[in-house]
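The values are calculated or read from the model by the stated rules, or taken from the named source; none is laboratory data. Values in this document were obtained by computation on a predicted structure and should not be read as measured data. When we count neighbours, we look across all protein chains shown, and the Cβ atoms used for this are built from the backbone with ideal geometry, even at glycine. Accessible surface is based on the protein model in full, side chains and every heavy atom, while ligands, DNA and RNA are left aside. Shrake-Rupley method; radii C 1.70, N 1.55, O 1.52, S 1.80 Å.
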There are 2 protein chains.
Amino acid sequence: MSELLWGKPSLPSRGPKPAVTLAGIAEAGIRIADAEGLDAVSMQRIAGELPVTKMALYRYVPGKTELIAVMSDLAMGAPPDRPDLPWREALHAWAMDLYDGFTRHPWLLLSTVGRRLLGPNELAWIERGLAALTGTGLTGGEQMDSILVVTSHVRNIAQQSTTFPGHTTGLTEEDMQESLTQILTTEAARFPHLTTALRTAAGSENQGLEFGLQRILDGLELLISGRKASTSPH
Amino acid sequence: MSELLWGKPSLPSRGPKPAVTLAGIAEAGIRIADAEGLDAVSMQRIAGELPVTKMALYRYVPGKTELIAVMSDLAMGAPPDRPDLPWREALHAWAMDLYDGFTRHPWLLLSTVGRRLLGPNELAWIERGLAALTGTGLTGGEQMDSILVVTSHVRNIAQQSTTFPGHTTGLTEEDMQESLTQILTTEAARFPHLTTALRTAAGSENQGLEFGLQRILDGLELLISGRKASTSPH
DNA sequence: AGTAATTGTGTCTGCCGGACACAGTAATGT
DNA sequence: ACATTACTGTGTCCGGCAGACACAATTACT
């Protein structure tokens, strides 16, 4: 089922030498996705960057879906090594590393939605996130839910602050701001809280990542310290 | 720019009567997306449900992107009315309403990613979320960031727990679980924390929404009460 | 009646993912 | 040496997609 993501490259000895490799195909796809967005990644386009034709790719990959999965796991990469830290600092650093990854490959935000098969790198990220939370007294389920909520936050902040090459309607942040202020000038009465919130929010851009992260970590800390206080003196 | 989303239906008086309406087109699209997923929504397919051909739709909509935007804002709907509540209960109820919306129309999770033009309903949701936070002492930027982190959490939980009709590779939750446990039996050594976390997490499914939400609300409460304590006695 | 504005249709292009038959190539068995 | 077998790459074809464009049909205003 997930041989492509997990399997070792088996080399059969009959037949002609393969002209490309699965990793090479995935890297070509990553290059295209990085430069022109996920929508620019087509079998034709990938083949155009390699010494093969479109159909040859299907010798290495059962379909585009699986190729995107391989690309995603490869682009995500392994989580960077971090020294041992207290859980809060560790989780914070982990979240920042994750944010870096999504910033480097914005299309990962699109290709890793919904249910999918997990590759080794994605699992390694989860593993490292969990590692930060061992010894906190949280149950396994709580640990999973904790890194999930951190991941959600990081993802959506990245989604909001990145400019996707291609794909979307090419809206810049300024376009959105302009459209929004224009709407609010004509419809201010319908959105009073939004109007005042935006007025008092001037200049506080791009604080969303740290703000939400600190709230989440605060909430976790409350749970963890409460848990410790009720169990350890017993 | 966003006349489609915001404009009143202007009726010109020359020419033949329109056979359909923008709202009718969007509703047809919503019906298809609900039943068969976002990928099943094509101009052909929509026209097939209406007494017009594909190309007639372009008289009402400049392109598919804009049509999806109209569909999304319409499907999202206006946030339900809620009685006045303390901010924490209000925000909790708001998050649950949002979750309901995403559950009713899972494709909204796909169609409302990245930068896009905001429609009246989407703005109304933001407005209502902000309303819950007025009087908490948070700045406008902090209020925005707060509802953003709540939204992120709700979105990603919904994304994880919904079954998309069509679109994805048709993986069920069981498929993922099975694939994961199979991987972990052969690669347990590489993922020790994940292995133990999953072992102690048995039976605690679908707690993610409440867990994360309570952590976030706890974190916000800490900030709000701290803010109040430092300003009001002064 | 004539003109202008507006709506619906049919045709066409270029792209996409993918099925399939077929030709070429390299190692193996005899 | 030679046939067999396993494997790789190619060309052709299909159905479906978004959308451009020319054209016919319909309605209201002058």
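Observations
- Cβ-placed point charges (K, R +1; D, E -1), dipole of the stretch B:3-76 about Cα centre in debye, nearest 20: 440
- Accessible surface for B:D81 stands near 130 Å², nearest 10, in the context of the full protein assembly shown (1.4 Å probe).
- Derived scalar couplings between HN and Hα for the stretch B:23-33 equal 4, x, 4, 4, 5, 4, x, 5, 4, 5, 4 Hz in order, rounded to whole Hz, by the Karplus curve 6.51 cos²θ - 1.76 cosθ + 1.60 (θ = phi - 60°), x for Gly and Pro.
- Heavy atoms of A:M176: accessible area, 1.4 Å probe, square angstrom to 10: 40
- Inter-site label distance for B:E210 and A:R227 at 7 Å from Cα along Cβ, in nm: 1.6
- Taking one quarter of the surface of the convex hull spanned by the alpha-carbon atoms of the stretch A:110-234 gives a direction-averaged projected area of 11.6 nm².
- Isotropic mean projected area of the C-alpha convex hull, the stretch A:24-158 (nm²): 8.6
- Taking all Cα pairs closer than 8 Å and separated by 6 or more residues, the relative contact order of chain A comes to 22 percent.
- Shown is the FRET efficiency for A:R82 and B:D81, computed with R0 = 30 Å from the Cβ-Cβ distance and rounded to the nearest 0.05: 0.05.
- Teacher prompt: A:E49 distances to equivalent labels in other copies, 7 Å Cα→Cβ, nm: 3.7
- Folded to 0 to 90 degrees: helix B:173-187 orientation relative to chain B principal axis, Cα: 40
- A:T65 exposes around 80 Å² of accessible area when a 1.4 Å probe is run over every protein chain in place.
- Here the ratio of the Cα radius of gyration of chain A to 2.2 N^0.38 Å is 1.27.
- The long axis of helix A:140-161 is offset from the longest Cα principal axis of chain A by roughly 80 degrees.
- The Rg/Rh ratio of the protein assembly as shown, with Rg taken over Cα atoms and Rh as the Kirkwood radius over Cα pairs, comes to 0.99.
- Karplus (6.51, -1.76, 1.60) ³J(HN,Hα), θ = phi - 60°, over the stretch B:58-72, in Hz, Gly and Pro reported as x: 6, 6, 10, 9, x, x, 5, 3, 5, 5, 4, 4, 5, 3, 5
- Placing a label point 7 Å from Cα along the Cα-to-Cβ axis, A:G63 is separated from the same position in the other copies by 2.7 nm, shortest listed first.
- Coupling constants for the stretch B:79-85 follow from the phi torsions by the Karplus curve (6.51 cos²θ - 1.76 cosθ + 1.60, θ = phi - 60°), and in residue order they are x, x, 6, 10, x, 5, 9 Hz; glycine and proline get x.
- Inter-copy label distances at B:A229 (7 Å, Cα→Cβ; nm, one decimal): 1.1
- Per residue, the convex hull volume that the Cα atoms of the stretch A:3-76 enclose (Å³): 84
- When the alpha carbon gyration tensor of the stretch B:145-203 is reduced to an equivalent ellipsoid, the three semi-axes, largest first, read 27, 19, 9 Å.
- By the helix-only formula, in which each DSSP H run with n ≥ 4 contributes -39500 (n - 2.57) and the sum is divided by residues, chain A has a 222 nm mean residue ellipticity of -19500 deg cm²/dmol.
- Computed over chain A with a Gaussian network model linking Cα atoms closer than 10 Å, the most mobile of A:L11, A:L108, A:L38 is A:L11.
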